[in-house]
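Presented below is the structure to which this report refers.
Read the figures in this text as sums done on the coordinates, not as results from a lab. Everything quoted here is computed from the prediction, not taken from an experiment. Here the Cβ positions follow ideal geometry from the backbone for every residue, glycine too, while neighbour counts run over all protein chains shown.
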Amino acid sequence: MNNCLFDFVREFSDELADLAHRIEAQLFNQPQSALIQARLYCEKLVKKISDTESLEAIYPLKPAERIHKLYRQDIIPEEIYLKLEWIRKMGNKAAHDLKEIELKDILEAHKLLFEISVWYMEVYVSHQFTAPKYQLPVNVHQETNSLELNDLDALLKPYFDQTLQKVDEMREVFERQLEAIKADKENISDINAETGSPQQQEDKYADDKESMVLGSGERLPLSKEKENIVSIFKKYNFNKNYETTKAIELEHLNSKELVYLINNKKTSIVLNPKTIEMNDDLKSTGKKFSSTALKQFPKAINKGKTPINYGYLYNFGTDDELETFLQNLNDVHLVKIKH
């Protein structure tokens, strides 16, 4: 271990923190073993999520099935799903292929492990968590121990410049691999065929229905445009409570009503079902939407066996449409709630 990059993991698992440090210690000397352990790290973290979400209350799942099901039920976003799948496949390759692992692969795996762990901290441990800045691990060999720090920096700088260049060159290859994983996701029915489970068929039906509600179904990271959208909410007395990769939670200053801005191509917000189900006008224009991102909303059975947070979804094509909706919500509906 050359730094404390993964020390925050100890807040939710000593076992995973120790494993992360072992991976770092083996990055340069035993990259094949490090990549296999990176896969193990992800398996254990995904199992932890599955236990939290009661995903396997009826029957156990294999590691690949577990990742796919978490994604289908919108428990993990697409970007985390793709990173988990990349590490799983590369770890399998390291375990079964006799070819030597390339340095760029294990360094990429190290960075993805960090990003996955940060996401878990933000979503499941603390919404106020501030992630440390990512740093490439340093390969300090025993023969350089006697060197002065300045000499060591000078010795390692060309190596790191070359390594960073290789990682940048790998991005294009990495993106193609992610596209292949997306294609696997679209053909998810082969997982159902392996188990023949009626529960998985129900879950897939629920996910298909959810994708129809959202439109394209493609989830992209919230871009800089989110700040413009949040500023619109501020005009109508909503402040941001916290943000995760799945959603932004906003709270009305007076009524304390919560609204979630969903990570989606369209401007999509979700309102509390307790509010909507008391108002025929709002209920008639919204669509029921289930997601674990709606942390403060009530839970109900969707199409599976496990209750999941839900609310009413509203999509907007322009900022003006959103402003009109918030104006009406602010002036009429939230005033009624307050009184």
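The table below lists the values:
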item: Listed pairs Lys48/Lys111; Lys48/Lys274; Lys89/Lys111; Lys44/Lys111 exceeding 22 Å between Cα atoms; result: Lys48/Lys274
item: Cut-off 18 Å, label 7 Å out along Cα→Cβ of Tyr242, residues of segment 267-299 by amide N; result: 291-299
item: Ranked Phe12, Phe6, Phe289, Phe114, criterion: other C-beta atoms within 10 Å, fewest first; result: Phe12, Phe114, Phe6, Phe289
item: Debye intensity ratio in log₁₀ form over the Cα atoms of segment 225-338, taken at each q of 0.09, 0.12, 0.18, 0.21 Å⁻¹; result: -0.21, -0.38, -0.90, -1.25
item: Phi to ³J(HN,Hα) by Karplus 6.51 cos²θ - 1.76 cosθ + 1.60 over segment 318-324, Hz, x for Gly, Pro; result: 9, 5, 4, 4, 5, 5, 4
item: Gyration tensor (alpha-carbon) shape descriptor, segment 1-56, a/c threshold 1.5; result: oblate
